1. Looking only at the stretch 63-104, filter to residues that are assigned to a loop (DSSP other than H, G, I, E, B), at pLDDT below 85 and not small (Gly, Ala, Ser); which one of those is farthest from the chain's Cα centre (by Cα)?
2. For the stretch 203-240, name all the residues that are surrounded by fewer than 14 Cβ atoms within 10 Å (Cβ to Cβ) and either acidic (Asp, Glu) or at pLDDT below 90 (or both).
3. For the stretch 233-264, give me each residue that is closer than 28 Å to ARG338 by Cα, touching a residue at least 12 places away in the same chain (Cβ under 8 Å) and away from ligand 1 (no atom under 14 Å from the Cβ).
4. If only one of ARG340, ARG317 is assigned to a loop (DSSP other than H, G, I, E, B), within 11 Å of ligand 1 (Cβ to nearest atom) and among the charged types (D, E, K, R), which one is it?
5. I'd like the residue in the stretch 293-302 that is aliphatic (A, V, I, L, M) and near ligand 2 (Cβ under 7 Å from one of its atoms) and, out of all such residues, is surrounded by the fewest Cβ atoms within 10 Å (Cβ to Cβ).
6. Identify, by number, the condition in (1) among the aliphatic types (A, V, I, L, M); (2) under 30 Å from ARG60 (Cα atoms); (3) modelled with pLDDT of 95 or more that ALA167 doesn't meet.
7. Quick test of your reading of the structure: ILE88 fulfils all but one of (1) touching a residue at least 12 places away in the same chain (Cβ under 8 Å); (2) among the hydrophobic types (A, V, I, L, M, F, W, C); (3) surrounded by 15 or more Cβ atoms within 10 Å (Cβ to Cβ). Name the failing condition by number.
Amino acid sequence: MNKREQPAAVPVIEAARGDVPFYKEHGFHHPKAVHGLFRRVKWAVMAVLLAVWHLTPFLRWDRGPGAPDQAILIDLPARRAYFFFIEIWPQEVYYLTGLLLLAGLMLFLMSALAGRVWCGFLCWQTVYTDLFLSVERFFMGDRARHLQRDRQPLTLDKVGRVVAVNAVWLVIAAASGISFTLYFGDAFQMLRDIATGQAATATYVAILVVAGFCFLLGGYARERVCVYMCPYARFQSAMFDEHSLIVSYEAWRGEPRAPVSKTHDFQGRGHCVDCGACVQSCPTGTDIRFGNQLSCIGCGLCIDACNAVMDRFGLPRGLISYDSSSNLLAREQGRTPRSRLIRPRTLIYVALVAAIGGTMALKLAFRSDTEVNVLHERAPLYVQLARGGIRNGYSYKILNMAAQDRSYHLSVEGIPDARLEVIGGDTGVASTELQAGRDSVATYRIYVSAPPGASHGARTDLTFVLNGPNGKVVRTTTLFAGPAQ
Ligand code: SF4
Ligand code: SF4
C-alpha cells in the first residue's frame, strides 16, 4: 500500500489498543468503493428504504366520506394517527408503547442472530452516509483520486466539485425533510403548499431541522455518529454470544501477514497480504484484523474487499467473513461449523415479541369503537338539595371512534331511584338519549341526584351505563360524594 494511502486513523481503534485517548480530532475518511455481495445487498436495502420513506405518504386508504384517505398519517390538529385500517386516538397511546417495545425486542433479536446488521444495513445514519458518500465519489473520485484532490491546492475545478457535492447533499437532505412533513398532513396538498410558500411556518421549520440534521450527520459527521454518538454501539456487544454472526478476521489463517511475494508463494505464511483493502473500504476506517470493535458497524464491505484480494491470488474466500465465533473456532480446529439460530436467548426474544405482538393484535381485533371518560366535579363536591337529597355533577365524554353518527342511552346503577339530568352535547337537548358524531368526542354535563338516604356517606360507588347501537354497553364506575356519616 502506498504510504500516502494509509487509511485515516479512526482513534477509537487505537484507543481499543490502549495507546491513545478515546477521542481525538481526525480528518475525513474517504472509503474506497468495493464490489461484491454485501455491496449489492446494501444498494438494494438502501433503494427499498428510501423508496418506502419517500413514497409511503402518497399511499391512499379509503376510510369513507369525510375521513382522511392517506394510508399513514399523523393528524396532530385532530389528535389522530392513521395506519391503514387502524385509527389511533390519544387515549390509545399504549399502542405506541407496545410498538416501541416491539422495535426494541426486534433489535435485540436481530443482534443476537446477526450482530450489528441493523447498523450496517438498515440504520438511517448508515443509509444516508452511504448515499452521501456515493455522491461524493461521483464528483471527487474514488479514494485515491479524492486523497490526491485533498492534497492539491484550491482550484476553480476543486471548488466547483466541493460546491456540487454540497449542493446535491442539500437537495437529498431537503427531500428527506419534506418527506418527513408529508406524514403530518395530506401529502399532495402539503407538497403544493410547500412549493407555493403557503405551508405553515412549523412545516418549514420541521423541514429545516430534519434536512439540517440529515446534511450534517450524513455528510459531515458520518462514522463519528456510529463511533461516538450512538448509544446502541455501546451495549450491542452485550447482546451477542458465540453463535451471533459478526464480521471477523480469521487470524489463524491470515497470520503471519506479509506483502505478497513475486512468486505468489503462500507456504509458511498467512493469507493476509497486508494490502489494507479491508481498511480502505471500511466506512468507519476500522481495521477488523484487530478483532471485533465498537467502531465496526457490521456492513460487510471489508468482506467484499478481501474476497476480491483472495480471488486475485487464487486463495479461498472468507479470510474476513460474516460468521459466528464458534464457527470460526470450529474451522480453526478443523471441525465442521454448525450455525445455531435456535437457542435460549433467541427463543426468549421470539417469545416476548410474540407475546407483545399477539396482545396488541388481540386488543386491536376486539377494540371497542366507543369509549367513555367521566370526571367528577370537585367544586363543589356535592350539593345538598332543599328536600334532603344530594346532587353530584360530572363531565361525561363519549368518544365515538366509528365512521357513523351514533345515539346512546344513558342510565345509572348503584343508587336506588337516582335521577339523571343531562346538559350539553352536540344537540344541546337535555335528555338521557345522547348523541355523538362520527369520529368525534361529545361532551355532556351530567347531574345525578340521590333521594334522601339513598347514598352511603362520603363515598358511594355509582356506575354510568351507556347502551350503544348493536347492544354494546359501556359501564363506568365513579364516585358519588355526600356528607360523611
Ligand atoms: S483485505 Fe484481506 S488481505 Fe488485504 S489486508 Fe485486509 S485482510 Fe489482509
Ligand atoms: S470493519 Fe468491515 S464490517 Fe466493520 S464497519 Fe468496517 S467494513 Fe464494515
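1. Residue satisfying both the conditions and the ranking: PRO65.
2. MET229, PRO231, ARG234, PHE235, ALA238
3. As a first pass, look at the stretch 233-264 and keep what is closer than 28 Å to ARG338 by Cα: 233, 235-257.
With touching a residue at least 12 places away in the same chain (Cβ under 8 Å) added as a condition, the list becomes 233, 236-237, 239-257.
If the condition is that a residue be closer than 28 Å to ARG338 by Cα, touching a residue at least 12 places away in the same chain (Cβ under 8 Å) and away from ligand 1 (no atom under 14 Å from the Cβ), then ALA233, GLN236, SER237, MET239, PHE240, ASP241, GLU242, HIS243, SER244, LEU245, ILE246 are the ones that fit.
4. ARG317
5. The extreme case among them is LEU301.
6. All conditions pass for ALA167, except number (2).
7. (1)
Every residue, every condition in (1) hydroxyl-bearing (Ser, Thr, Tyr); (2) in a loop (DSSP other than H, G, I, E, B); (3) within 19 Å of CYS306 (Cβ to Cβ); (4) more than 16 Å from ligand 2 (Cβ to nearest atom), yes or no:
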| position | (1), (2), (3), (4) |
| --- | --- |
| TYR228 | yes, no, no, no |
| TYR232 | yes, no, no, no |
| GLN236 | no, no, no, no |
| VAL247 | no, no, yes, no |
| PRO256 | no, yes, yes, yes |
| PRO259 | no, yes, yes, yes |
| GLY270 | no, yes, yes, yes |
| CYS275 | no, yes, yes, no |
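The values are calculated or read from the model by the stated rules, or taken from the named source; none is laboratory data. Bear in mind the structure is a predicted one, so any value in this text is a computation, not a measurement. Neighbour counts run over all protein chains shown; Cβ positions are idealised from the backbone, glycine included.
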